[in-house]
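Engineer: One structure coming up, written as structure tokens, with questions to follow.
All of the numbers you see were taken from the coordinates with simple rules; none came from a lab. Model, not experiment: these values are computed from the prediction. With ideal geometry, Cβ positions are generated from the backbone for all residues, glycine too; neighbour counts draw on all protein chains shown.
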């Protein structure tokens, strides 16, 4: 807030809506609302999703606050916006909100080859903590997506899915040497993501086994 010359968190909402401030300044104010968990700002943030200048910051703040009442407005943004950056921010926010109402939309985007590679990748990332059969089915179907970036992200999601069928899907890509541009060279291959995901599966299995042992009330005499 100090960077914006503000001393009180209550000044953030008016600042976001003041047309005299630059796009960057208003976006920073929206993000700051999330950092201070100003839940009473949720209606204002939802209204700001329609403002291209601050929609990115508003989506981020709504996710940080955990405002599930924003799920449907964010879904509308994903469906209607022509700005890919705003759509990506809304998709990411939906993933962070963990609201099952958005799963069908995210799954449809992931499996839609008419969407760009980057948008499908964002959808895969948004499903990373959705452990429902619907989410797993979409990830499984996308495991052979033609885009390396989508496959890379799908492997990561499958590794955290906790589903029994994840192992076989991940193993199929342990020799997938396609590379994702922009990632560090030692992590850019889909095979790296698959190997990391497989290790994640094994770690989860060990943790689950440990919990089961801890709750087992039958002890040998």
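Engineer: Between 0 and 90 degrees, rounded to the nearest ten: what's the tilt of helix 133-142 against the longest Cα principal axis of the chain?
Structural biologist: 80
Engineer: So how far, in whole Å, is the C-alpha centre of the stretch 177-207 from the one of the stretch 120-164?
Structural biologist: 13
Engineer: Can you compute the helix-only [θ] at 222 nm over the chain? Use -39500 (n - 2.57) per DSSP H run of at least 4 residues, normalise by all residues, nearest 500 deg cm²/dmol.
Structural biologist: Rounded to the nearest 500, it is -18500 deg cm²/dmol.
Engineer: Measuring from the lowest to the highest alpha carbon on each principal axis, how far does the chain reach, largest first, in angstroms?
Structural biologist: Principal extents (Cα only, largest first): 67, 52, 32 Å.
Engineer: Same structure, new question: For the stretch 13-97, rounded, prolate or oblate, judged on the Cα gyration tensor with a ≥ b ≥ c (square roots of eigenvalues), a/c < 1.5 rounded, else prolate if a/b > b/c?
Structural biologist: Oblate is the answer for the stretch 13-97, as a/c is 1.5 or above yet b/c matches or exceeds a/b.
Engineer: Multiply the residue separation of residue 6 and residue 196 by 0.36 nm, subtract the distance between their alpha-carbon atoms, and state the gained length in nm to one decimal.
Structural biologist: 64.0 nm
Engineer: Tell me the angle of helix 84-97 to the major Cα principal axis of the chain, expressed in degrees between 0 and 90 and rounded to the nearest ten.
Structural biologist: Result, in degrees: 60.
Engineer: So, one more: Roughly how many Å is it from the Cα centre of the stretch 53-106 to that of the stretch 30-44, as a whole number?
Structural biologist: Computed from Cα coordinates, the inter-centre distance equals 15 Å.
Engineer: Expressed as an acute angle from 0 to 90° and rounded to the nearest 10, what is the orientation of the C-alpha long axis of helix 23-35 relative to the principal long axis of the chain?
Structural biologist: 60
Engineer: Would you order 64, 119 from fewest to most other beta-carbon atoms within 10 Å of each residue's own beta-carbon?
Structural biologist: The most exposed by this proxy come first: 64, 119.
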